[in-house]
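Each remark here refers to the structure printed beneath this line.
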Amino acid sequence: MTNYDLEEAKLLRWQFGLSLLFIFTLIVSLTLTYNQILIHEKKKPIYTDEMSDDILKLNRLLGLFLALGFLYINYIDREIKEEHNLDLKSANLQIDAGVLSVLTAIIVLYVSMMGDGTTAVENPED
C-alpha cells in the first residue's frame, strides 16, 4: 500500500462513520414525520409538541455538523490529491457540493429554529 492509499483509507473510514450518523438522522427524521402523520390522523403521537420540536432542532444541528464534516473530508482529500499531483477537478467539485450542502443545512436549521416545527419536519432529507 502506498502512502496515498493509507491516507485515502483513513478518510474513507471517517466518511463511513459520518454516513452512519447521517443514516441515524434520517431515521430520526422519519420518526418525526410519522409523528406528524399520527397528529393529522387524530391519533396519539409518539412525541409531545415540545419534545418533537427539540428533537427536530437537535437533528438539524447534527445535520449541519455532518455537512461540515463531509466538507472537511473533501478539503483534506483535495490536499492529498494535490500533494500526489493528481487531477483536482473532481475534488474541487466535491468541495463545491459540500459548500452547498452546508448552506442547505444552515437554511434547514434556521427554518426549524424559527418555525413552529411542522414546516421543518416536512423535509426529512437533511
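The values are calculated or read from the model by the stated rules, or taken from the named source; none is laboratory data. What you see is a predicted model; the values in this text were computed from it and never measured. When we count neighbours, we look across all protein chains shown, and the Cβ atoms used for this are built from the backbone with ideal geometry, even at glycine. Side chains included, ligands, DNA and RNA excluded: accessible areas come from the protein's heavy atoms. Shrake-Rupley method; radii C 1.70, N 1.55, O 1.52, S 1.80 Å.
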Protection-proxy order for peptides 57-63, 93-99, each taking the mean of Cβ atoms within 10 Å per residue, highest first:
57-63, 93-99
Accessible area (Å², per residue) of the chain, counting only protein heavy atoms and a probe of 1.4 Å
67 Å²
Of Thr104, Thr48, Thr25, which is the most mobile in a GNM of the chain whose springs link Cα atoms less than 10 angstrom apart?
Thr48
What's the carbon and sulfur percent of the chain's accessible surface, probe 1.4 angstrom, rounded to a whole number?
66 percent
Based on the Cβ-Cβ distance from Leu11 to Asn92, what FRET efficiency comes out when R0 is 25 Å, to the nearest 0.05?
0.95
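Explain nothing, just the number: relative contact order of the chain, from Cα pairs under 8 Å at least 6 residues apart, as a whole percent.
35 percent
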With Cα springs under 10 Å, the Gaussian network model of the chain assigns the largest mean-square fluctuation among Asn74, Asn85, Asn35 to Asn85
List the lysines whose Cα lies under 29 Å from the Cα of Lys10, skipping any in the same chain that are fewer than 8 positions away.
Lys81, Lys89
To two decimal places, what compactness ratio does the range 1-69 give when its Cα radius of gyration is scaled by 2.2 N^0.38 Å?
1.58
Of the residues Ser90, Ser112, Ile73, the Cα lying farthest along the dipole of the chain towards its positive end, which is defined by charges on the beta carbon of Lys, Arg, Asp and Glu, belongs to Ser112
For Cα extents along the principal axes in Å, the choices are (i) 52, 37, 24; (ii) 60, 26, 18; (iii) 89, 29, 25; which was calculated from the structure?
(ii)
